[in-house]
1. Kindly evaluate SER51 against the criterion of being within 13 Å of the chain's Cα centre (by Cα), assigned to a loop (DSSP other than H, G, I, E, B), modelled with pLDDT under 75 and of a type in the set (Gly, Ala, Ser).
2. Out of region 9-23, which residues are under 18 Å from VAL58 (Cα atoms) and polar (S, T, N, Q)?
3. Got at least one residue in region 16-31 being at pLDDT below 85, not in a loop (DSSP other than H, G, I, E, B) and not aromatic (Phe, Trp, Tyr)?
4. Just wondering, is there one or more residues in region 66-75 that are modelled with pLDDT under 90 and either aliphatic (A, V, I, L, M) or at positive phi (or both)?
Amino acid sequence: MSSFNDVQTFVGEANRVADMSSLRGLLEDSVKTLGFDYFALLHHVDLSRRSEDYVRLVQYPQAWKEQSLTQHYYSDDPILAVSQKSVTPSSGRMCRGSCP
């Protein structure tokens, strides 16, 4: 379990990244410390479109990403549903029991 200091350290480092590659590296290095298995950082966009003009940093296993896109799981994903209604970060833990 992460501490508030871990979160503060992450935010401080995130504020200093200069490019998407550095942000991805920071997320990859921080995900376990912050108490998560994977991360996804996405713009609020239609994930079924293949565009390159938005932020899409995802660390889920490749097989899961492919299955999710092929089977259109994103259209029923409660975390994505919550994130479409909010501009604040969210996690699966926040969603339990209150997702559509």
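The values are calculated or read from the model by the stated rules, or taken from the named source; none is laboratory data. This is a predicted model, so every value here is computed, not measured.
1. On the way: within 13 Å of the chain's Cα centre (by Cα): no; assigned to a loop (DSSP other than H, G, I, E, B): yes; modelled with pLDDT under 75: yes; of a type in the set (Gly, Ala, Ser): yes.
Judged against the criteria, SER51 is not a match.
2. Taking region 9-23 first, the residues under 18 Å from VAL58 (Cα atoms) are 10, 14, 17, 19-23.
Residues satisfying the conditions are SER21, SER22.
3. no
4. Scanning region 66-75, I find at least one residue that is modelled with pLDDT under 90 and either aliphatic (A, V, I, L, M) or at positive phi (or both), so the answer is yes.
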